[in-house]
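Encoded as structure tokens, the structure appears first; notes follow it.
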Amino acid sequence: MKIRPALISWLQAGPLAAILILFFGIPVLVVVVVSFFDFDHSDIVPTFILDNYQDIFTSEVTWRLYLSSLKFAAIVWAITLVLGFTLANYLVFHIRSLLLKIGLFLLCSVPFWTSTIIRMISWIPFLGRNGLFNTMLIDAHIIDKPLDFLLFSDFAVVVAYVHLFTLFMMVPIFNSMARIDARLIEAAKDAGASRWTILREIVLPLCKSGIALGSIFVVTQVMGDFFVVKVMSGGQSASVVSALQNEIAALQYPPAAASAVVLVIVVMMMVAGILRVVDVRKELAS
Amino acid sequence: MRNNDAGDNEGRAKKGAITRRSVMKAAAIGAGAAIGSGAVSGFPTIWAQNIKDVTLVHIGGSYACIKEIGDQAGKDLGFKIEMQVVDPSTQLSRALTQPKSFDINNIDNSSVVYLVGKNVLKPIPVKDYKLWDKTVPIFTTGKFPDGRPIPTQGLSPIKTGFWTGPDAKKLADKPTDFLTMIPSLFNADTLGIRPDLVGGRDKVTSWGDLISPKYHGKAALVDYAPVGIIDAAMALEATGQVTYVDKGNMTKAEIDKTVKAMEDLKKSGHFRSFWSNFDQSVNLMASGEVVIQSMWSPAVTAVRSRGIDCYFAPLKEGYRGWSNGIAPMAHLSGLREDCAMEYLNWYNSGWQGGFIAKQGYYTPVPETARNFMTADEWNYWYEGKPAAVDIKDPYGNLMEKKGAVRDGGSLWEREGHVAVWNTVMDEDRYLTRRWNDFVSS
Amino acid sequence: MHNTVTAGRPWTFHALTLCFVVFLAFLYGPMVVIYVLSFQGTEGGLTFPLRGFSTHWFHELIVNGRSGDIAGTFTRSVELAAVVSVLTVVMSIAAGLGFRRRFRGAGFLFYIAIASLVMPGLFVGLGISLVFQLLGWQTDWRVSGLGAQLTWTLPFGLLVMFAVIGRFNRSYEEAASDLGATAWQRTREVTLPILLPGIIGVALFGFTLSYDEFARTVLTAGSQNTLPLEIWAMTTNVTSPALYAVGTATTLVSFTVIGAALGSIALIQRRRSRHAASSPASVPATAMAATDPARSPAMTTQTKDGSIELVAVTKTYTQGAPPAVAELDLRVGHGAYCCLLGPSGCGKTTILRMIAGHEFPTSGDVLIGNRNVTLLPPVERGTAMMFQSYALFPHRSVIDNVAFALKIRGIGRDQRYATARELLEKVRLEAFANRLPSELSGGQQQRVALARALITNPRVLLLDEPLSALDEFLRLRMRGELRRIQRELGITFVHVTHTQLEATAVADVVVVMDQGRIEQAASPREIYLSPRNAYVARFIGGQNVMSGAVERVGEGRATLLTGTGGRIDVPLDGASVVPGEMLFASLRRDRIAVRRPATGEGRRDLLNSVAGEVHTIENQGSYVKITIDLGDGEEFVANVLDEDYFIDPIDIGDRAVATWTAGNMRLLDDRSAARSTAIRQPSAVSV
């Protein structure tokens, strides 16, 4: 008996689809519905109002929050991309021993098994006004007054993001780089291409899917973060989700739901933009 | 629901409990002093066979929800208390979306307004709570012991302490026979300072110092709108920049004025940081990043126990008062309900009060707690007298050296000067929005 | 760790090493600070230098358990992360495999997955807890907590699987089915091991992401905290050193786990390599005889008739597009060596894959040994396929590759190794049995692929451009080898190539194809002697194609007037033509004589001769190839014996006259078309 291929596909994708619909699709529908509700303290009043959305679109703070989140996303994306690409390039093309490759790779991932919260606060004694870094600089007579911008600033937020997300940019790029046929590089060398040309003309295009995956991760994570920005900026900066979290903490679910819906639409558009440049599915399925 | 074995057991247990409890009540009326002496604890009062299988989950903030207290209750009562620490917003969310996932809700009194009409909390008849008469009057009559009425700005214990009736649909504005919760601890907060870095304990005497240019770049504020706005309002009112009808329940215009003033300060770089948890506030102070900030009392203690001078400054405008209570959840029934009530009665019977006193909190029933403290401890914590011996925390770690005096003095020197209570405003939606404006500015 | 300066390393290497070290410092710097600070005394702030050293904080954490239930919540988090990781791997592999085909709803599902990734975790958790409340269910870390984690690990797993599966060469799977593996065996033995790096990646990713997740768990974990929740709760009442102690402790655990994992991997590898080394290097002669593939008991179920018949086979890939194979009929007798010859895209590989069972005809039937096998899976056809890229399983040694089909059939290791060894001897690779395919040269890989294909004792061997990856020298040697082995085994070979020399060298039957149709199917000699049409004549080579309008018919031949004004006689062999009709004919290039024009000979051509300027001259050793420019665009070539040529070597640019006898002309099927465009008709061919 021959089963129809499409049916096999559905059977294979079925469990994933079921989980996503059960734990994401339905809850999100609820969230969307709630975003049109009214509320009073913690009371959610089932009705249909557009006030929640009106508040979002008419408030100047919305634009500020998105600007702030987008700014972080852009900076962090650029830094992690350069870093992730460089490191992956090093591990794939410059480290010849497989064991060393794996070893270095794991070395990079160990810090990620320590609580994010703890990793976050580990920067505080390092970057603080009387922290290790400032102490070292002062002891070395490079500066005579501690640098304040190191901690509780946008700088600190970016440092923490880069610390948290570089690995997640590096892994997919590493993955796609590792699959590049070494003969291609040799062929390019034979054709007289410089290292830089090889990187630009061969490696970069062939890593497109990895870069796209990494970018999706980094951008969605930064756009969805509330914790890092809160801790590392010392509450001086805000992100879309940190504002949203304030609403959730005050049990104001309907406006929070509306913010979430808007945010998801914005981030989906960003991801769609990334996928438009690199059609991950097509690229990978061919 | 009751046509099974367990149900029958519960029914029987209930009968037993009632009998036992009436006996206890009679005893209590006749010999209140006996209880006070601590010689008779009177627990357990439920003698059902299956009591040891009961586990009640008690959730709350880390400062109140302490494993040792649960363990002691288990020892005294014969059933298990599982203490689970959660952060306040999670706790409220869980109370609303997963009310059956725990049994005892230990919350800030102002949070009760979020739970009104949700059929989440079980009302507690005053007659079932044995220690009501011994509770300090701010909870029972809304007066200080000297007869002055407690301030009405913010959500005072009276405004959140009572249901209008057994249906628990609405909060009453004066004492009734149905409690929303059993008050379990209370305190008065002020600003924390580093005397060594501001030039001495007497250098900070007013809330206005929080926004004084002297501390430019070295001040911090709690990043939690309902509390942060009050601290800000205390400061702005003290310097005369903004006046309020009721700081505990601001109008939109008052919120706007407050946020505007704070935004200007923030933009000028006045605040080094905003903190959102205990650890952050301790680090800010201990590392010297900040010399004056909103603070909780145990955070001050934590900084001091590291050998760093930190002072919870008594200020002339008064304190920001707050209280905490425990309430059984509405889903409890039968034996578990009896156990919960039993636990509530045990809670303020002294052991807990003695324990938390050594962390700097007050229990609403001080006279029971006194039995679980040494005279020196009592004198230090409650009477504001210089410590006759080294003062230790409940775990035996040194907290204060001999001769130290508690910041702000005795219980009523501190609590008697509460100016405003922790609150949830009518305009809390607007407040959250404006607070987000402030943080993102 | 990597500071041994290797001579010859470019400066970029050192620069990148420096980058990497700086990154590690960045990654570990603050971590090291907290490792140190977790041992600080109870006095002093988090400033340097430290005041005193103590294990107070660890004591608080582990002995007193005062800071929170670290051990319990740690166990819970690890459990949760492990389950999430396993489920993510299983579901995303399955879905990734499913996504290889286009199916209805695939796009929708893909975007659901992306949206799920994008949603702030806090809200996923809130949504789930609201739904559970509506349904009256209790949240629990084992159910709602797990589901909440899967909403972001699954999309990631899926994306990573796309990346891994996308580049996965499908011929590995096809090779496995050819060798008799069922879908499950194929998955277990080939697909999963090759996808292993991706699987490990997804597993690690899933674990790392879910182990420390906070926002999704906070409202879905029910009445029990996970480690990040506990740590979060701890920040409300403990100070940093205690948290740092937690960080130090968990890092220690991480290193221990990684160390244990690496150690056990190394151990397994060592055991496996020892195992391989100790496998029998030589097999007793008796055993060899007993396991001769031709007599192997597992192989005797199939009849030995390897004749192939395609009946009206059509294959259309995209509806509306021209078919890849159209209404094709072909018969190949048992034991024949058949070459499918044609340019790329002519449909020859499609035919091969339909015979193999890797493609199914849109219409028509495939018969092997007179049995209709059109819809049978590969393994039931008695065919074996050798892939263009060989599709050797990269994760298996040579001998394991060869013995794969026997393993699938459940034959014991010693016996299957013995049989495999024998086949390796046949292809002269017995010395390489324990190597991995990547450690072999192209020619060696090709021979391994051959041995692997032959171990099932097939009645038909299908070879997809088997020689194209080899160098010239090896190609010549291997093609003789293929022919030898085919003769020895006496089974049918179907060999796809685009090189006519290769086809004519090895085949009994050459099938010339173009655009999904057979142009001619015949023995190499017949095709060479009498190509059916201009296309075949040109493709097979060695022929000049000439054309002209019929001027006169008679005596069994027609005289054509060519475009350049010359006249050529073409034998008609019974074909009837009418004057004025345009005819095509081929002329063997080695039957042409070339001389200098006689003095006074005009520009006008004589009968059965052409004249023009010599364009190129190539000495091919035994003959000389002379290209003459006739001025009509068609290439005219004469291959002249070297001894004839060197009597009076004509040079490029000289004028030359080429002559032949009419008997060497062959009338082609194409008629009356415009020049150089051959007419094609559906050609039913029987060989």
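The values are calculated or read from the model by the stated rules, or taken from the named source; none is laboratory data. This one's a predicted model, so the numbers in the text were calculated from it and none came from an experiment. Cβ sites come from the backbone with ideal geometry, for glycine too, and all protein chains shown count toward neighbours. All accessible areas refer to the heavy atoms of the entire protein, side chains included, with ligands and DNA or RNA removed. Shrake-Rupley method; radii C 1.70, N 1.55, O 1.52, S 1.80 Å.
What to note about this one:
- Protein-only accessible surface order, largest first, of C:His56, C:His14, C:His498, C:His358 at 1.4 Å: C:His498, C:His14, C:His56, C:His358
- Two-site label geometry, A:Ile142 and B:Gln72: point separation in nm, points 7 Å out along Cα→Cβ: 5.2
- Once C-alpha pairs closer than 8 Å and six or more residues apart are averaged by separation and normalised to the residue number of chain B, the relative contact order reads 20 percent.
- Over the residues of chain C, the helix contribution to mean residue ellipticity at 222 nm works out to -13000 deg cm²/dmol, using -39500 (n - 2.57) for each DSSP H run of at least 4.
- Charge dipole (the protein assembly as shown, unit charges on Cβ, about Cα centre) - positive-most of C:Pro10, A:Ala212, A:Leu91: A:Leu91
- In this structure the stretch A:59-285 gives 36 Å² per residue of accessible area when probed at 1.4 Å with all protein chains present.
- Between chain C and chain A, roughly 9000 Å² of accessible surface gets buried, counting both sides and using a 1.4 Å probe.
- Considering only A:Ile19, A:Ile44, A:Ile198, the Gaussian network model of chain A with Cα springs below 10 Å gives its largest mean-square fluctuation to A:Ile19.
- Here the Gaussian network model covers chain A, with springs between Cα atoms less than 10 Å apart; of A:Ala156, A:Ala258, A:Ala272, A:Ala272 fluctuates the most.
- Qualifying trypsin sites (Lys or Arg not before Pro) in the stretch C:563-636, DSSP loop, other Cβ atoms within 10 Å at most 12: C:Arg603, C:Arg604
- At least 20 Å² accessible surface lost relative to isolated chain, residues of the stretch B:49-64 (1.4 Å probe): B:Ser62
- Phi-based couplings in Hz for the stretch B:410-427 (Karplus 6.51, -1.76, 1.60; Gly and Pro marked x): 6, 3, 7, 4, 7, 5, x, 10, 5, 9, 8, 9, 3, 8, 10, 7, 4, 8
- Once the partner protein chains are put back, the stretch B:417-440 shows a loss of at least 50 square angstrom of accessible area, versus the chain by itself, at B:Arg429, B:Thr432, B:Arg433, B:Asn436, B:Val439, B:Ser440 (probe 1.4 Å, ligands and nucleic acids excluded).
- Summing charges over all other residues whose Cβ lies under 14 Å from the Cβ of C:Asn639, with Lys and Arg as +1 and Asp and Glu as -1, gives -2.
- Most mobile of A:Leu107, A:Leu275, A:Leu167 in a GNM of chain A (Cα contacts under 10 Å): A:Leu107
- Across all Cα atoms of the stretch C:371-501, the radius of gyration (one decimal) and Dmax (whole number) stand at 14.4, 43 Å.
- Rounded to the nearest 500, the 222 nm mean residue ellipticity of chain B from helices alone is -11000 deg cm²/dmol, with -39,500 (n - 2.57) taken per DSSP H run of at least 4 residues.
- Solvent-accessible ranking of B:Lys67, C:Lys315, largest area first, probe 1.4 Å: B:Lys67, C:Lys315
- With DNA, RNA and ligands ignored, accessible area of A:Phe174 (1.4 Å probe; Å², nearest 10): 40
- Rolling a 1.4 Å probe over the protein chains gives B:Thr90 an accessible area of about 10 Å².
- Taking 19 Å as the limit for the C-alpha separation, the pairs B:Lys143/B:Lys174; B:Lys127/B:Lys358; B:Lys52/B:Lys358; B:Lys143/B:Lys358; B:Lys316/B:Lys401; B:Lys358/B:Lys385 exceed it in the case of B:Lys127/B:Lys358; B:Lys52/B:Lys358; B:Lys143/B:Lys358; B:Lys316/B:Lys401.
- Carbon + sulfur, % of accessible area of the stretch A:1-146 - ligands and nucleic acids excluded, 1.4 Å: 73
- The stretch B:57-203: C-alpha gyration tensor shape, a/c 1.5 cut-off, then a/b vs b/c: oblate
- Cα gyration tensor shape of chain C, rounded if a/c is under 1.5, else prolate or oblate by comparing a/b with b/c: prolate
- A run of chain A free of exposed loop cleavage sites, with trypsin sites (Lys or Arg not before Pro) counted only in DSSP states other than H, G, I, E and B and at most 12 other beta carbons within 10 Å, reaches its longest extent at A:97-286.
- Relative to the 2.2 N^0.38 Å rule of thumb, the protein assembly as shown has a C-alpha radius of gyration ratio of 1.24.
- Accessible surface of the stretch C:393-467 [probe 1.4 Å, protein heavy atoms]: carbon and sulfur percent: 42
- Residue-averaged beta-carbon neighbours from other chains (10 angstrom radius) around A:99-110: 4
- Overall shape: prolate for the stretch C:530-671, with the ratio a/c of the largest to smallest alpha carbon gyration tensor axis at 1.5 or above and a/b above b/c.
- Total accessible surface hidden between B and A, rounded to 100 Å², 1.4 Å probe: 3100
- Under 5 Å between amide hydrogens, built in the peptide plane, is the criterion, and for C:Glu519 it picks out C:Val512, C:Met513, C:Asp514 among residues at least 5 positions away or on other chains.
- Accessible surface buried once B binds C (1.4 Å probe; total of both sides; Å²): 2500
- Probe 1.4 Å, protein heavy atoms only - accessible area per residue of the stretch C:293-522 in square angstrom: 36
- Based on the Kirkwood approach, the hydrodynamic radius assigned to chain A is 22.3 Å, with every pair of different Cα atoms included.
- Kirkwood Rh and Cα Rg combined as Rg/Rh, chain B: 0.98
- Contact order for chain C, expressed relative to its length and based on alpha carbon pairs under 8 Å spaced 6+ residues apart, stands at 11 percent.
- Solvent-accessible area of the stretch C:530-671 (1.4 angstrom probe, protein heavy atoms only): carbon and sulfur portion equals 48 percent.
- The value of relative contact order for the stretch C:530-671, using C-alpha pairs under 8 Å at least six residues apart, is 29 percent.
- Eligible aspartates and glutamates near B:Lys100 by straight Cα distance, threshold 12 Å, same-chain separation 8 or greater: C:Asp140
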